[in-house]
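Student: Below you will find the structure I want to go over with you.
The values are calculated or read from the model by the stated rules, or taken from the named source; none is laboratory data. None of these values were measured; they are calculated from a predicted model. For neighbour counting, all protein chains shown are included, and Cβ atoms are generated from backbone atoms with ideal geometry for every residue, glycine included.
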């Protein structure tokens, strides 16, 4: 079974580097799986790296503005969920 909890909102998207800026409302770390939902977009992806102010970090907390590489274009205001599986 998987659960999804909203942990942020897309605040910007940089097409040339395929990076989404996300304003966090909850903690996130490398290795977590996130889901983008908005418009016609609805996909999961694992977090391979997180950047804060162009510095790589292993984890980010509520209130941080982070950058993550994404596999598909996202737009401002798309919701970001953390996906956890409890098996």
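Student: Do we have residue 46 as modelled with pLDDT of 95 or more, within 11 Å of the chain's Cα centre (by Cα) and surrounded by fewer than 12 Cβ atoms within 10 Å (Cβ to Cβ) here?
Tutor: Working: modelled with pLDDT of 95 or more: yes; within 11 Å of the chain's Cα centre (by Cα): yes; surrounded by fewer than 12 Cβ atoms within 10 Å (Cβ to Cβ): yes.
So residue 46 passes the test.
Student: Quick one: which strands (runs of 3 or more DSSP E) lie wholly within the range 14-79 and hold at least 1 residues that are out of contact with any strand residue (DSSP E or B) (no Cβ under 7 Å at 6 or more places or on another chain)? Before the answer, list the steps.
Tutor: Values: elements: 19-24, 33-38, 41-46, 50-52, 55-57, 65-69.
Strands (runs of 3 or more DSSP E) meeting the threshold: 41-46, 55-57.
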